[in-house]
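Below: the structure, in structure tokens.
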Amino acid sequence: MIHRIKNIFINSKKTVDFIVLKNASAPFVDDNFFYVTGLEQGLFEGSCAVLHPDGALDLLVSELEAESARKSTAHLTIYKTKDEFSELLKHLISSNKTIGVNASGLSYHEFNTLTEILPQAVFVDVSDGFFKTRLIKDEQEIQRIKQACVIADDTMAVIPDVISEGISEYELAAEINYSLQSLGAEKPAFDTISSFGKNTAEPHYSHGDAKLTEGDLILCDFGACLKKYNSDITRTFLFGRATEQQKEMYKTVLQAQQIAFDAIKPGVKAGDIHHVVSSFIDSTKFKGRFIHSTGHSLGLAVHDGPGFAPENTMELQENMVLTVEPGVYLPGFGGVRIEDDVLIKKDGLELLTKSPRDFTELE
Ligand SMILES: [Mn+2]
């Protein structure tokens with residue numbers, strides 16, 4: 001993980017002597033703790049990582065996490081009490097230094113704790129360094145995301161078999177989550193979305209007690225979390241026979257996604273990808289019905305940084321991983337979204353999720 005740590009220092013506009021990550025209780029545990037350690041397991045509540053510009057890493061963890069932490073190559077120190085933690089941290093850091101913190105992952109309470117332990121230190125926000133470094137995935141990260149994508153694809157393949165008239169959105173979500181974990185995921189990447197009929201028109205509706213009836217669109221959006229890395233996929237199916245309007249919605253979204261795939265390559269601005277997709281949808285009868293951005297960066301977090309959003313001027317680079325997920329939503333009628341995960345390659349992209357994308361009418 002030495003290269004990751006060195007790059008965080010290089011990619012931050014600020015110059016600092018150390019970087020300190022300090023976790024609170026879950027869910028306020030900084031993803032970057034796992035980024036710099038490469039650890040696949042463990043919660044690491046209250047733990048602290050001290051990063052050095054040469055790539056060295058000190059971990060300060062409670063006894064509870066000691067066994068998990070030993071799997072990392074970092075220099076490990078175990079603390080038993082809060083006082084011991086403070087003494088050990090002071091010992092690791094000479095107090096009159098400039099210390100970088102990740103302001104986007106540090107609670108105000110934990111920040112106050114650090115300033116109390118190290119009153120002479122100057123604290124500087126180096127979140128830009130983490131953010132920039134994490135956008136470009138290294139080989140280990142790409143392998144983990146690929147494995148998470150395989151589990152998501154294998155789960156998508158199960159859906160036609162579990163669908164039947166009268167099944168509830170809750171039950172379908174449970175089937176999806178069961179499949180994800182039985183195929184090796186630690187957990188679903190996020191709250192699984194399985195919506196039917198008019199509920200498919202709400203992009204962030206998760207699931208409720210609606211029961212599947214003939215003619216319903218079925219929208220499934222989920223991912224696998226594996227070794228802390230995530231996948232994210234969406235397919236929209238139809239139960240029964242599709243109407244012309246449903247077919248047209250699907251065709252439009254599928255075409256929009258292909259337009260994005262064709263345009264994605266290194267050097268193109270992320271925002272421009274969104275513009276080609278949204279202007280295509282706006283040229284159809286579904287004008288104004290694409291109501292979110294075209295995709296987001298994906299990795300340790302499901303929303304791992306900016307993506308194909310209207311204002312994003314970031315240039316695409318090799319080894320970024322993003323989602324491509326256009327959709328069309330008609331309130332009171334239903335919605336269609338198709339989402340895949342892509343790895344940016346030298347000449348274009350590699351599709352990491354491979355589930356079939358043609359419109360499927362399920363019986
Ligand atoms: Mn997504």
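The values are calculated or read from the model by the stated rules, or taken from the named source; none is laboratory data. Note that this is a predicted model, so its numbers are computed, not measured. Every residue, glycine among them, receives a Cβ derived from its backbone with ideal geometry; neighbour counts consider all protein chains shown. Keep in mind that these areas ignore ligands, DNA and RNA; they rest on the heavy atoms of the full protein, side chains included. Shrake-Rupley method; radii C 1.70, N 1.55, O 1.52, S 1.80 Å.
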* Structure fact -> Residue count, the stretch 17-46, condition of a type in the set (Ser, Thr, Tyr) and in a loop (DSSP other than H, G, I, E, B), comes to 1
* Is there any pair with a first residue in the stretch 290-312 that is over 21 Å from GLY267 (Cα atoms) and more than 10 Å from the ligand (Cβ to nearest atom) and a second that is among the acidic types (Asp, Glu) and open to solvent by 10 Å² or more (accessible area, probe 1.4 Å) whose Cβ atoms are under 7 Å apart and which are 6 or more apart or on different chains, and what are they? -> LEU300/ASP31; ALA301/ASP31
* Take the stretch 275-306 and flag every residue that is assigned to a loop (DSSP other than H, G, I, E, B), among the β-branched types (Val, Ile, Thr) and touching a helix residue (DSSP H, G or I) at 6+ places or on another chain (Cβ under 7 Å). => THR284, THR294
* To do: Would you confirm whether any residue within the stretch 302-316 is assigned by TED's automatic domain parsing to the domain that holds ALA263, in contact with a Gly (Cβ under 8 Å, 6 or more places away or on another chain), β-branched (Val, Ile, Thr) and on the phi < 0 side of the Ramachandran plot?
  => yes
* Could you check how many residues of the stretch 231-285 are of a type in the set (Phe, Trp, Tyr) and touching an Asp or Glu at 6+ places or on another chain (Cβ under 7 Å)? => 1
* Under 8 Å between Cβ atoms, at least 6 apart or on separate chains: pull out the pairs that start in the stretch 1-28 with a residue that is without any contact (Cβ under 8 Å) to a residue 60 or more places away in the chain and end on any residue that is of a type in the set (Gly, Ala, Ser). => ILE2/GLY55; ILE2/ALA56; ILE5/GLY55; ILE5/ALA56; LYS6/GLY55; SER25/GLY46
* What is the residue count in the stretch 294-307 for residues that are modelled with pLDDT of 95 or more and open to solvent by 40 Å² or more (accessible area, probe 1.4 Å)? -> 0
* To do: Evaluate the following for HIS274: is it of a type outside the set (A, V, I, L, M), within 15 Å of the ligand (Cβ to nearest atom) and in contact with a Pro (Cβ under 6 Å, 6 or more places away or on another chain)?
  => yes
* For LYS354: the one exception among (1) within 14 Å of the ligand (Cβ to nearest atom); (2) of a type outside the set (S, T, N, Q); (3) under 28 Å from ASP161 (Cα atoms); (4) open to solvent by 30 Å² or more (accessible area, probe 1.4 Å) -> (1)
* Can you name the residue in the stretch 214-237 that is out of contact with any Gly (no Cβ under 7 Å at 6 or more places or on another chain) and outside any strand (DSSP E or B) and, of all such residues, is surrounded by the most Cβ atoms within 10 Å (Cβ to Cβ)? -> GLY223
* Of these, GLY327, GLY334, which one is within 16 Å of the ligand (Cβ to nearest atom) and buried (at least 20 other Cβ atoms within 10 Å of the Cβ)? -> GLY327
* Tally the residues that are in contact with a helix residue (DSSP H, G or I) (Cβ under 9 Å, 6 or more places away or on another chain) and not in a strand (DSSP E or B), restricting the search to the stretch 112-140. => 18
* Asked: Can you tell me how many residues in the stretch 68-86 are in a loop (DSSP other than H, G, I, E, B), exposed (fewer than 14 other Cβ atoms within 10 Å of the Cβ) and not basic (Lys, Arg)?
  -> 2
* Filter result (surrounded by 23 or more Cβ atoms within 10 Å (Cβ to Cβ) and part of a loop (DSSP other than H, G, I, E, B)) within the stretch 187-207 -> ALA189
